[in-house]
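The values are calculated or read from the model by the stated rules, or taken from the named source; none is laboratory data. Because the structure is predicted, anything quoted here is derived from the model rather than measured. Here the Cβ positions follow ideal geometry from the backbone for every residue, glycine too, while neighbour counts run over all protein chains shown.
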């Protein structure tokens, strides 16, 4: 069984979506729920967040210590045994399925890393043969930095090209791109947004 870590910022991380705060929060939570539904059969799922609303839908919560996404992921990884195959999956991937996450796990080398590069060069998901391999390298061009990190350790790093994990949601244009493929909770939230629209 794998471990799955999901860092979740809530509506704070979705400021470029042009919705009122309450609706943006509902959409962010719905996307998280779809990621959790995809991960639920893989093993232990840990969400690291400072958002109090997440507790109602999350199986296991770790308090976000602050300091950015890298520090958040480190706080959750500290709970996992060092021999645990671990996936780190962003919360804004509403098209993610169990099959996608299983494919990421399969793509992870026995002693190495796998990554899903977002279109902008950041990193949407990681596969780690051990949580001890993680380094907090998020930010612009992080996919390149994670590959360099693996090379410095002398470990293999595979690129997992999984469209449902490549397509994250930060802008209204991103939503248009993925709308036909989103999971049940995100679809319900989007329908509610349309009903509420003037």
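Hey, residue 27 hits all of (1) within 27 Å of residue 140 (Cβ to Cβ); (2) over 14 Å from the mean Cα position of the chain (by Cα); (3) at pLDDT 95 or above but one; which does it fall short on?
Going through the list (1) within 27 Å of residue 140 (Cβ to Cβ); (2) over 14 Å from the mean Cα position of the chain (by Cα); (3) at pLDDT 95 or above, residue 27 breaks only (3).
Restricting attention to region 3-10, does a residue exist that is at pLDDT below 95, surrounded by fewer than 22 Cβ atoms within 10 Å (Cβ to Cβ) and assigned to a strand (DSSP E or B)?
No, region 3-10 has no match at all.
Step by step: first the residues of region 98-132, then only those that are over 15 Å from the mean Cα position of the chain (by Cα) and buried (at least 22 other Cβ atoms within 10 Å of the Cβ), then the one that is farthest from residue 163 (Cα to Cα). Which residue is that?
The selected residue is 131.
Just checking, does region 46-56 include any residue being crowded, with 16+ Cβ neighbours inside 10 Å, out of contact with any strand residue (DSSP E or B) (no Cβ under 6 Å at 6 or more places or on another chain) and at pLDDT 95 or above?
Taking every residue of region 46-56 in turn, none turns out to be crowded, with 16+ Cβ neighbours inside 10 Å, out of contact with any strand residue (DSSP E or B) (no Cβ under 6 Å at 6 or more places or on another chain) and at pLDDT 95 or above.
Could we say that residue 88 is closer than 16 Å to residue 38 by Cβ and in contact with a helix residue (DSSP H, G or I) (Cβ under 8 Å, 6 or more places away or on another chain) here?
So residue 88 passes the test.
Just a yes or no: is a residue in region 68-82 part of a loop (DSSP other than H, G, I, E, B), surrounded by fewer than 19 Cβ atoms within 10 Å (Cβ to Cβ) and at positive phi?
Looking for residues that are part of a loop (DSSP other than H, G, I, E, B), surrounded by fewer than 19 Cβ atoms within 10 Å (Cβ to Cβ) and at positive phi, one finds at least one in region 68-82, hence yes.
Which residues, taken from region 173-188, are in contact (Cβ under 8 Å) with a residue 12 or more places away in the chain, closer than 21 Å to residue 89 by Cα and assigned to a helix (DSSP H, G or I)?
175, 178, 181, 184, 185, 186
Taking into account only those residues within region 171-186 that are in contact with a helix residue (DSSP H, G or I) (Cβ under 8 Å, 6 or more places away or on another chain) and modelled with pLDDT of 90 or more, which is surrounded by the fewest Cβ atoms within 10 Å (Cβ to Cβ)?
Top of the filtered list is 184.
Looking only at region 141-170, filter to residues that are under 16 Å from the mean Cα position of the chain (by Cα) and part of a loop (DSSP other than H, G, I, E, B); which one of those is modelled with the lowest pLDDT?
The selected residue is 170.
Being assigned to a helix (DSSP H, G or I) and without any contact (Cβ under 8 Å) to a residue 24 or more places away in the chain narrows it down to one residue among 62, 106; which is it?
106
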